[in-house]
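Chemist: Can you keep this structure in mind? I'll have questions shortly.
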Amino acid sequence: MKRSEIKSRIRDKLEDKSDTGVFYTDAQLDDLIAEAQELLVGETKSIHRTVTVPIRPGGQFIYLTSFAPDCMMPVRVWNSANTYRLQATSIDNLSSFHQKWTTVTGPDPQFWFTVSWDIIGLFPRPIAGSGVLKIDYLAWPRELNDDDDFPELMTASHDAIVILAAYLGELKKWNAISAGNFFQELKRHGMFADGRSNIGKIIHRTFNRTGPDNRSEYAQR
């Protein structure tokens, strides 16, 4: 659905059928749709993108938002030069492996870890700055440009945008009963339950890997 069609359906659900709107203006409905999109994508983690980042000599940390401002969460990191997929680890694992792990260097990074939501680190610290990394990440949805623009989410999710925007609209009107009805309708779509299940799998896959202590190449450094 185009944004104009989504807005029309939201007005129907909010019983705000005037062309100019009684409770909500067009601009306010645009904001509701944008908020609903972000909440839905934040829950379902349904948008995936890839960004390429150069490997710099001695560069151990990568600020993701410098290369991908829409980044929500990194998922996988690949070395394009040798198609090697870096293993995910954590700062705790690295610290237990080597107290001075930041001093360990190597020709190519073999592990990646999160420092914060927008920063990842590489281990070992690369000596040479050759090649690029491909970083797969979960992304926030892009903004809709106008009423003829379509949401980035799959068409099957457009109904959920309408319901979620109506739910948010009723909350802003302090209409708890009607908001609760919309929330129950949204749960029947199964979007929230599926999102919680999927992100749980991603977190387990990303952060529960074994640390680099099983890599004999660096065990003696």
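The values are calculated or read from the model by the stated rules, or taken from the named source; none is laboratory data. Remember, predicted model here, so these are calculated numbers, not experimental data. Because the Cβ atoms are built from the backbone with ideal geometry, glycine has one as well, and the counts that use them run over all protein chains shown.
Chemist: Mind counting the residues in segment 121-132 that are touching a Ser or Thr at 6+ places or on another chain (Cβ under 6 Å), more than 14 Å from Pro54 (Cβ to Cβ) and surrounded by 13 or more Cβ atoms within 10 Å (Cβ to Cβ)?
Modeler: Result for segment 121-132: 2.
Chemist: May I pose another question? Would you mind listing the helices (runs of 4 or more DSSP H) fully within segment 1-85 where at least 2 residues are at pLDDT 85 or above, assigned by TED's automatic domain parsing to the domain that holds Val162 and under 30 Å from Thr114 (Cα atoms)? Can you show your working first?
Modeler: Working: elements: 3-13, 26-44, 64-67.
Result: 26-44.
Chemist: Let me ask you something else. Can you pull out every residue in segment 90-141 that is at pLDDT below 90 and basic (Lys, Arg)?
Modeler: Lys100 - this is the single residue of segment 90-141 that is at pLDDT below 90 and basic (Lys, Arg).
Residues checked against (1) in contact with a strand residue (DSSP E or B) (Cβ under 8 Å, 6 or more places away or on another chain); (2) within 30 Å of Ile6 (Cα to Cα); (3) in contact (Cβ under 8 Å) with a residue 60 or more places away in the chain; (4) hydroxyl-bearing (Ser, Thr, Tyr):
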{"residue": "Ile47", "(1), (2), (3), (4)": "yes, yes, yes, no"}
{"residue": "Phe61", "(1), (2), (3), (4)": "yes, no, yes, no"}
{"residue": "Asp70", "(1), (2), (3), (4)": "yes, yes, yes, no"}
{"residue": "Ile91", "(1), (2), (3), (4)": "yes, no, no, no"}
{"residue": "Val115", "(1), (2), (3), (4)": "yes, no, no, no"}
{"residue": "Asp118", "(1), (2), (3), (4)": "yes, no, no, no"}
{"residue": "Pro124", "(1), (2), (3), (4)": "yes, no, yes, no"}
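Chemist: Is one or more of the residues making up segment 161-175 buried (at least 17 other Cβ atoms within 10 Å of the Cβ), of a type in the set (D, E, K, R) and modelled with pLDDT of 50 or more? Reasoning before the result, please.
Modeler: Of all residues in segment 161-175, those buried (at least 17 other Cβ atoms within 10 Å of the Cβ) come to 161-170.
From what is left, the residues that are of a type in the set (D, E, K, R) are 170.
From what is left, the residues that are modelled with pLDDT of 50 or more are 170.
Yes, segment 161-175 contains at least one residue that is buried (at least 17 other Cβ atoms within 10 Å of the Cβ), of a type in the set (D, E, K, R) and modelled with pLDDT of 50 or more.
Chemist: Please name all residue pairs, on different chains or six or more residues apart, with Cβ atoms under 6 Å, provided the first residue is in segment 130-149 and is farther than 28 Å from Phe113 by Cβ and the second residue is part of a loop (DSSP other than H, G, I, E, B).
Modeler: Final answer for the pair search is Arg142/Glu152; Asp148/Lys2.
Chemist: Continuing with the same structure: Go through segment 69-101 residue by residue and tally those that are polar (S, T, N, Q) and buried (at least 16 other Cβ atoms within 10 Å of the Cβ).
Modeler: Step one: filter segment 69-101 for residues polar (S, T, N, Q), giving 79-80, 82-83, 87, 89-90, 93, 95-96, 99.
Remaining after also requiring buried (at least 16 other Cβ atoms within 10 Å of the Cβ): 79, 87, 89-90, 93.
Residues in segment 69-101 being polar (S, T, N, Q) and buried (at least 16 other Cβ atoms within 10 Å of the Cβ): 5 in total.
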